[in-house]
């Protein structure tokens with residue numbers, strides 16, 4: 001699709017950050033009774049979606065993080081994957097952390113925090129108990145020195161690119177425009193660089209009211225483009 005001359009929202013990046021932002025933004029506009037067509041444009045330099053870090057991530061969907069602040073966020077994330085397994089190529093087979101004694105207390109804390117928010121998981125302690133739990137599922141289990149098992153019942157894994165293809169369909173169906181093979185080369189700003197008013201690309205310039213950077217590791221390149229403007 002060719003680059004339009006103007007959009008209310010321009011999103012840089014057609015990976016998980018850019019697509020998910022466009023999805024929720026388009027849903028909110030639709031819920032408010034507003035049209036989406038022509039208002040949201042995603043731009044990516046690759047010739048397909050999820051061509052960057054999104055396409056090579058491990059694909060594990062879990063709520064197994066040590067930082068308490070992450071717990072509710074990750075539970076919400078898992079619920080999104082569960083909302084449409086077919087579209088997101090999501091396989092809800094659970095997630096297990098199988099640990100040695102050195103990690104037992106930390107994993108026990110994760111389980112307690114999961115329980116506090118109603119996230120279903122089972123915590124097994126003790127070497128014999130852990131071995132029996134694993135043998136009940138895998139009759140050839142042989143790992144030694146395991147003294148705890150945290151078994152998250154939600155969660156699983158997703159096939160990255162297929163998941164993003166499903167997400168991009170949701171985005172396109174809502175009226176979002178996706179422009180590929182178009183590299184962002186700079187920005188036009190006003191107010192001493194405090195507000196971006198247009199995005200320059202190798203295919204032309206697109207005026208915008210709002211710019212959203214969803215480019216993952218490549219955010220460093222966009223920051224370099226923006227920094228001269230903000231330093232004026």
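With viscosity set to 1.306 mPa s at 10 °C, what whole-number translational diffusion coefficient in µm²/s follows for region 60-158 from Stokes-Einstein and a Kirkwood radius over Cα pairs? Walk me through the intermediate numbers first.
Working: Rh = 14.0 Å.
D, rounded to a whole number, is 113 µm²/s.
Full-extension gain between residue 207 and residue 180, please, as 0.36 nm times their residue separation minus the C-alpha to C-alpha distance.
Here the segment from residue 207 to residue 180 would lengthen by 8.0 nm.
Give the whole-number value, in cubic angstrom per residue, of the convex hull volume spanned by the C-alpha atoms of the chain.
It comes to 158 Å³ per residue, whole-number rounded.
So how tilted is helix 104-116 from the main axis of the chain? Cα-based, degrees 0 to 90, rounded to 10.
Approximately 70 degrees, to the nearest ten.
Using helices alone, I'd like the mean residue ellipticity at 222 nm for the chain: each DSSP H run of four-plus residues gives -39500 (n - 2.57), total over residue count, nearest 500.
-10500 deg cm²/dmol
Remind me, relative contact order of the chain in percent, using alpha carbon pairs under 8 angstrom and six or more residues apart?
33 percent
To the nearest 10 degrees, how steeply does helix 16-31 sit against the main Cα axis of the chain, on a 0 to 90 scale?
Helix 16-31 and the main axis of the chain meet at about 70 degrees.
With a 10 Å Cβ neighbour count serving as the proxy for reagent exposure, in which order, fewest first, do 152, 200 appear? Please report the intermediate quantities before stating the final value.
Values: 152 22, 200 15.
Neighbour counts put them in this order, fewest first: 200, 152.
Build a GNM of the chain with springs between Cα atoms under 10 Å: which of 100, 208, 58 gets the top mean-square fluctuation?
In this elastic network of the chain, the residue with the biggest mean-square fluctuation among 100, 208, 58 is 100.
Can you figure out the FRET efficiency of residue 159 with residue 188, using R₀ = 30 Å and their beta-carbon distance, to the nearest 0.05?
For R0 = 30 Å, the calculated efficiency reads 0.15.
Which FRET efficiency value, to the nearest 0.05, do you get for residue 27 and residue 128 by plugging their Cβ-Cβ distance into 1/(1 + (r/R0)^6) with R0 = 41 Å?
0.25
Can you compute log10 of I(q)/I(0) for region 10-125 with the Debye formula, treating each Cα as one identical point scatterer, at q = 0.10, 0.16, 0.19, 0.22 Å⁻¹?
The computed values of log10 I(q)/I(0) come out as -0.44, -0.92, -1.11, -1.27.
With each pseudo-label sitting 7 Å past Cα toward Cβ, what's the residue 115-residue 140 distance in nm, one decimal?
3.5 nm
Since every read-out is calculated from the coordinates, none of them should be taken as a lab result. Note that this is a predicted model, so its numbers are computed, not measured. Positions of Cβ are generated from backbone atoms using ideal geometry, with glycine treated the same way; all protein chains shown enter the neighbour counts.
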